[in-house]
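This report refers to the structure that appears directly beneath it.
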Amino acid sequence: MKDKKALHTKQEKHVIGRRELVALPELEIEEIEAKIDTGAYTSAIHCSDIHEETTADGKKVICVELLDPSHPQYNHKKLRFAEFDFRFIKSSFGEVQQRYVIRTTIELFGEVIEAEFSLSDRSDMKYPVLIGRKLLKGRFIVDVSRKNVSQKFKIKQKQKHTNL
């Protein structure tokens, strides 16, 4: 039995800062600032015009605009998600809200991770993306004295490959 345990190596945890530049590949966003929030359970993405529509074949889809016109990375694209959940989520103000939740990918430290994100209006917040405990658990250790650690790692990796 001990031999099986020896074969299972724990995934090395990366140190992550209080803020990180992340990519959301499936949403076609290369770099966007995210707040790392160990107080939040679910991660969140800022969206506007969030609403449900019914397709011609009777299926419900979520329609959103990623970000909003005031954000520099706003691209006027309306996104549609056929797979989603509708959950009760506690906001940063302690209010329980119903929000749509989708699965998409996020890239940190060169690793693409599938994760859940609630879709919410974060226009009053400083950061359009929030990374919560569910995504962090087992993968990252948060060092609040640091920021953009993943971006610095990415730059070092590019330099390593360029110097070979």
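Considering only protein heavy atoms, what per residue accessible area in square angstrom results for the chain with a 1.4 angstrom probe? List each step's numbers first, then the result.
Numbers: 10770 Å² over 164 residues.
Solvent-accessible surface per residue comes out at 66 Å².
Could you work out [θ]222 nm for the chain from helices alone, using -39500 (n - 2.57) per DSSP H run of at least four and dividing by all its residues? Round to the nearest 500 deg cm²/dmol.
Numbers: 3 runs with 25 residues, N = 164.
Calculated from helices alone, the mean residue ellipticity at 222 nm is -4000 deg cm²/dmol.
Leaving ligands, DNA and RNA out of it, report the carbon-plus-sulfur percent of the accessible area of the chain at a 1.4 Å probe.
Carbon and sulfur: 51 percent of the exposed surface of the chain.
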Next item on the list: Have a look at segment 1-113 and give its Rg and Dmax from the Cα atoms, expressed in angstrom.
Entry: 17.8, 58
Item checked: Alpha-carbon spread of segment 43-164, three principal axes, descending order, Å -> 55, 34, 30
Next item on the list: Just need the relative contact order of the chain here, percent rounded to a whole number, with Cα pairs under 8 Å and 6+ apart.
Entry: 34
Check: Using θ = phi - 60° and the Karplus form 6.51 cos²θ - 1.76 cosθ + 1.60, what ³J(HN,Hα) does each residue of segment 154-160 get, whole Hz, x for Gly and Pro?
Finding: 4, 5, 4, 5, 5, 5, 4
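Summing +1 for each Lys or Arg and -1 for each Asp or Glu, what net charge is found among the other residues whose Cβ lies under 15 Å from the Cβ of LYS147?
On the way: positive: ARG18, ARG19, LYS35, LYS126, ARG146, LYS152, LYS154; negative: GLU20, GLU31, GLU33, ASP37, ASP143.
Once positives and negatives cancel, what remains is +2.
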Check: So how far, in whole Å, is the C-alpha centre of segment 11-43 from the one of segment 80-141?
Finding: 10
Checklist line | Long-range amide H partners of ILE29 with built H, under 5 Å | finding: LEU24
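The values are calculated or read from the model by the stated rules, or taken from the named source; none is laboratory data. Nothing here was measured: the structure is a model prediction, and the numbers come from that model. Neighbour counts run over all protein chains shown; Cβ positions are idealised from the backbone, glycine included. Surface areas here come from the heavy atoms of the whole protein model, side chains and all, with no ligands, DNA or RNA. Shrake-Rupley method; radii C 1.70, N 1.55, O 1.52, S 1.80 Å.
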